[in-house]
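Note sheet for the following structure.
Quick note: the coordinates plus some simple rules give every number you see, no bench work behind them. Everything numeric here is computed off the predicted structure, so don't read it as measured data. Positions of Cβ are generated from backbone atoms using ideal geometry, with glycine treated the same way; all protein chains shown enter the neighbour counts.
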Amino acid sequence: MDVVALRTLTVTVTGHTKITIKLKRIVVIGASSSSNSINRKFARYAANLISLKKEIIELDLREYEMSIYSEDLQHLSGIPKKAFDFKREISNSDALVISLAEHNGSYTAAFKNIYDWISVIEADIWCSKPILLLSTSTGARGGKTVLESAHNRFSINYKFKIPFFSLPNFNNNFDSDEGIIDIRLNQDFQAVLIDFEKIINES
Ligand SMILES: Cc1cc2nc3c(=O)[nH]c(=O)nc-3n(C[C@H](O)[C@H](O)[C@H](O)COP(=O)(O)O)c2cc1C
């Protein structure tokens, strides 16, 4: 795996003393291949709210399109470079924000294919990074089925607790300027964010 240059921020404290802070590298994944993905918007929004000095790296699934995973193809041609590229971004991160779109009660084909390919690189698929798991949809369940399924799966023997939150009826509950409009939903979301920040700080 490559080693990324550590991004730092130098700030002046008490007039003249300068300290250098390493920025947290937050990788954002909207688990959809839609050009207008609401999950990409939601994941980006959540990452921006994390109150740590950070840089945000967004992985666009459309840039990681690969042949549909099959064991035969893996034996024949090996694991595609794009799977290693995706995995490298995870490995070089300090934390992941993943927002899952739900298609027919499950992962989108675009996300599942990447998930399958990176799962054959090594057992620790998400490189033991802190994960915030989100989902949203235009419907009343907000992608809860896929969120619960991913949460159960990702949590097996995972190094960290995985905070999760689902936002229903995205078009009614989210405003691009104000964020989550519904007060109750926003309170729940903020509590999940605080949990996630704690996990990142302790990681
Ligand atoms: C093929 C297909 C299947 C869908 N299945 C579900 C579903 O099972 N549950 C749900 O809440 N929404 C479902 N939807 C609606 C999506 O949640 C909605 O299109 C949402 O915008 C997807 O997120 P995205 O914009 O990030 O891609 C489906 C949409 C499509 C195109």
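Contact order, relative form, for the chain: 19 percent (alpha carbon pairs under 8 Å, 6 or more residues apart, mean separation divided by residue count).
Only helical runs count toward this figure. For the chain, summing -39,500 (n - 2.57) over DSSP H runs of n ≥ 4 and dividing by all residues gives -11500 deg cm²/dmol at 222 nm. Counted residue by residue at 0.36 nm each, then reduced by the alpha carbon distance between them, the extension gain from Ser106 to Asp60 reaches 14.6 nm. Once the C-beta distance of Ile181 and Lys81 is scaled by a Förster radius of 41 Å, the resulting FRET efficiency is 0.45 to the nearest 0.05.
Taken along the Cα-to-beta-carbon direction at a fixed 7 Å, the label points for Leu23 and Arg141 span 3.9 nm. The modelled label-to-label distance for the pair Asn48/Glu71, using points 7 Å beyond Cα in the direction of Cβ, is 4.5 nm. Here the extension length gained between Asn201 and Ser128 equals 24.9 nm, from 0.36 nm per residue of separation less the Cα-Cα distance.
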